[in-house]
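The values are calculated or read from the model by the stated rules, or taken from the named source; none is laboratory data. Only a predicted model underlies this, so the values are computations on that prediction, with no experimental measurement involved. Cβ coordinates were reconstructed from backbone atoms using ideal geometry, including for glycine residues, and neighbour counts include every protein chain displayed.
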Amino acid sequence: MSEAWYHRFMAQHERNATRRKWPGWRLAGYALVALIIITPIRLFVAQPFYVSGDSMEPDFAPADYLIIDELSYRIHAPARGDVIVFRYPLDPDKVFIKRIVGLPGETVQIAGGKITIAGENLVGIMTLDDPFAATTSTPAMSTTLHSDEYYVMGDNRLASSDSRVWGPVARRFIIGRAFVRLFPILRFSIMPGKNSLAREDIHTIFTSQ
């Protein structure tokens with residue numbers, strides 16, 4: 001075997017080895033591109049959330065897997081009826097899911113199983129047409145919200161620790177709104193939990209007292 005032939009053989013072997021390794025580098029490149037694209041989405045647009053507990057039944061059950069929309073509230077303010085995920089004001093390491101009942105500047109009053117709301121943007125005192133009010137067994141109370149506060153309640157009133165117990169949620173604690181329920185597959189839905197509280201026509205939400 002000549003020395004020249006040996007060197008040609010080794011050079012060809014190295015070229016073949018490089019070609020065999022190339023797909024791995026290509027996959028690594030794809031993974032890097034995917035990471036660059038997905039990371040900002042994960043941090044600023046949407047993130048997953050597992051429902052824990054039964055405070056939002058029947059619309060949300062334990063182990064429901066949700067995608068939380070973090071972008072919309074950068075464009076507009078949270079609305080009444082939105083199902084939001086937020087950091088628990090008394091312990092920001094904990095994350096809760098509840099429904100918005102009262103908006104900034106409003107006064108929320110609960111008495112006799114009814115929820116009434118008063119505010120500058122409302123005509124008089126209104127009684128909330130709340131499909132969950134029948135299960136509300138809360139002592140009479142009244143809360144006036146500051147300009148950056150929201151009054152939230154769990155749909156399963158009897159099993160929910162919410163603004164009735166620990167007060168309103170400041171805007172800075174709100175992460176986003178429930179956008180998609182991915183699992184269980186049979187319960188897949190977009191904007192899960194949307195009900196009459198989310199309608200834009202205020203006259204269909206309230207009745208004057």
Give me the pairs: first residue in segment 50-64 and closer than 20 Å to V101 by Cα and in the same structural domain as I100 (by TED's automatic domain parsing), second residue surrounded by 21 or more Cβ atoms within 10 Å (Cβ to Cβ) and of a type in the set (S, T, N, Q), beta-carbon distance under 7 Å, and six or more apart or on different chains, which are they? S55/S160
Are any residues in segment 46-105 aromatic (F, W, Y), within 13 Å of R171 (Cα to Cα) and under 11 Å from the mean Cα position of the chain (by Cα), and if so, which ones? Y73, F86
For segment 115-130, indicate whether the set of residues that are modelled with pLDDT under 90 and of a type in the set (S, T, Y) is non-empty. yes
Could you check, for segment 176-188, whether at least one of its residues is farther than 16 Å from V51 by Cβ and modelled with pLDDT of 75 or more? no
